[in-house]
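Engineer: Structure provided below as structure tokens; questions to follow.
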Amino acid sequence: MGTYLLIVHLLSLLAFQRLYVIPVLDRERRGNLAEESCLDTLKWICWLVMLISGINWLLVIVASISNSGIQLATLEEVIGGTQFGHLWLFRSLLGLAIAGGLLYDRLRKRAYAHLDLLCIGLAAVNLGSLAWAGHASAGAGSLANFHLLTDMVHLLVSAVWPGGLLPLTIWFFVNPGRRENEPDAIVRRFSAISGGAVVILAVSGLLNTFFMIKRLADFYTTTYGQILTGKIILFFMMIGLGVQNRRLLKIQRSSEIQSMDRSATGRLFWNICVESALTFVVFGLVGALGAVEPPN
């Protein structure tokens, strides 16, 4: 669960600037974004903890196989001779490449669009590769590849929403009135893009449910179904908060004063904070689903 959560939020932090922040900034501030971004430190924290979590995951697997502690021969066998090892090595190389891009930006103190997009692409591949570590990779039959594809789409879109709620909350908190209507524009842009992400998440999640749940009773008679039910309930609660935020933004747009007043800003901020908190619970349930056997 920890590795998934970190990979999602690393991609969210990288994509947040490109999708929401950069489009509303002037040219001068775009160039200085890497130097002043309040999210830059969080990217490095995510990356470092992700690295430690990945190494710990590998060592736990090796120790469970050898039954006698961590042995070099078993470590080499796992990395070189198993699908898990190949996937772990691939993701490790992607992580190093992402770190190289972040470090280059930090040393040059300038934001480069092509490098930014490259890091986002590498982080997206890293997140999408988790589909091969989940239940979808164990499927068989003519629809197995389609199940893998829907699972991958579900993972990737989760980095846009709800994964994007954490960087939005931080940005909203640190920059409540930084420059004219800049926070307003970022929130409105997030609301528009997340609406499409919700639809894709709902469709891909429904398809994944059809693959994993065979009978209606599985929702309440199996551990997997109960966890999935909890995730679905939280998903609808978050959609409800999102609908309320869109209504606040719509009312604000139709008002004579285009910038958000204090009361509207406060309601939006607390709604987004609640959504962010629910996001961590949802991601925890996703991690639990990966560790529980699905219904037969």
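Engineer: For segment 135-148, name all the residues that are within 18 Å of Glu293 (Cβ to Cβ) and either open to solvent by 30 Å² or more (accessible area, probe 1.4 Å) or within 14 Å of the chain's Cα centre (by Cα) (or both).
Structural biologist: Listed by number, the residues that qualify are His135, Ser137, Ala138, Gly139, Ala140.
Engineer: Could you give every pair whose Cβ atoms fall below 8 Å, whose first residue belongs to segment 37-59 and is on the phi > 0 side of the Ramachandran plot and open to solvent by less than 40 Å² (accessible area, probe 1.4 Å), and whose second residue is outside any helix (DSSP H, G or I) and of a type in the set (Ser, Thr, Tyr), counting only separations of at least 6 or pairs across chains?
Structural biologist: Partner pairs satisfying both residue conditions: none exist.
Engineer: Filter segment 169-210 for residues that are among the aromatic types (Phe, Trp, Tyr) and closer than 18 Å to Arg18 by Cα; which is modelled with the lowest pLDDT?
Structural biologist: It comes out as Phe172.
Engineer: Quick check on my filter: what residues within segment 47-101 are in a helix (DSSP H, G or I), polar (S, T, N, Q) and at pLDDT below 90?
Structural biologist: Matches in segment 47-101: Ser53, Asn56, Ser64, Ser66, Thr74, Gln83.
Engineer: Take Arg110 and decide whether it is open to solvent by 50 Å² or more (accessible area, probe 1.4 Å), part of a loop (DSSP other than H, G, I, E, B) and at pLDDT below 90.
Structural biologist: yes
Engineer: Of the residues Asp151, Asp105, which single one is at pLDDT 90 or above, buried (at least 17 other Cβ atoms within 10 Å of the Cβ) and of a type in the set (Asp, Glu)?
Structural biologist: Just a single option satisfies the conditions, and that option is Asp151.
Engineer: Within the group Ala159, Ala124, which residue is under 12 Å from the mean Cα position of the chain (by Cα) and surrounded by fewer than 20 Cβ atoms within 10 Å (Cβ to Cβ)?
Structural biologist: Residue meeting the stated conditions: Ala124.
Engineer: Among the residues of segment 119-142, is there at least one that is at pLDDT below 80 and under 23 Å from Phe16 (Cβ atoms)?
Structural biologist: no
Engineer: Is there any pair with a first residue in segment 264-293 that is outside any helix (DSSP H, G or I) and a second that is surrounded by 16 or more Cβ atoms within 10 Å (Cβ to Cβ) whose Cβ atoms are under 7 Å apart and which are 6 or more apart or on different chains, and what are they?
Structural biologist: Val292/Tyr224; Val292/Ile227; Glu293/Tyr224
Engineer: Same structure again: Quick check: anything in segment 135-147 on the phi > 0 side of the Ramachandran plot and either touching a Ser or Thr at 6+ places or on another chain (Cβ under 9 Å) or without any contact (Cβ under 8 Å) to a residue 40 or more places away in the chain (or both)?
Structural biologist: Yes; the residues of segment 135-147 include at least one that is on the phi > 0 side of the Ramachandran plot and either touching a Ser or Thr at 6+ places or on another chain (Cβ under 9 Å) or without any contact (Cβ under 8 Å) to a residue 40 or more places away in the chain (or both).
The values are calculated or read from the model by the stated rules, or taken from the named source; none is laboratory data. Remember, predicted model here, so these are calculated numbers, not experimental data. Cβ sites come from the backbone with ideal geometry, for glycine too, and all protein chains shown count toward neighbours. Note: areas computed on protein heavy atoms with side chains; ligands, DNA, RNA excluded. Shrake-Rupley method; radii C 1.70, N 1.55, O 1.52, S 1.80 Å.
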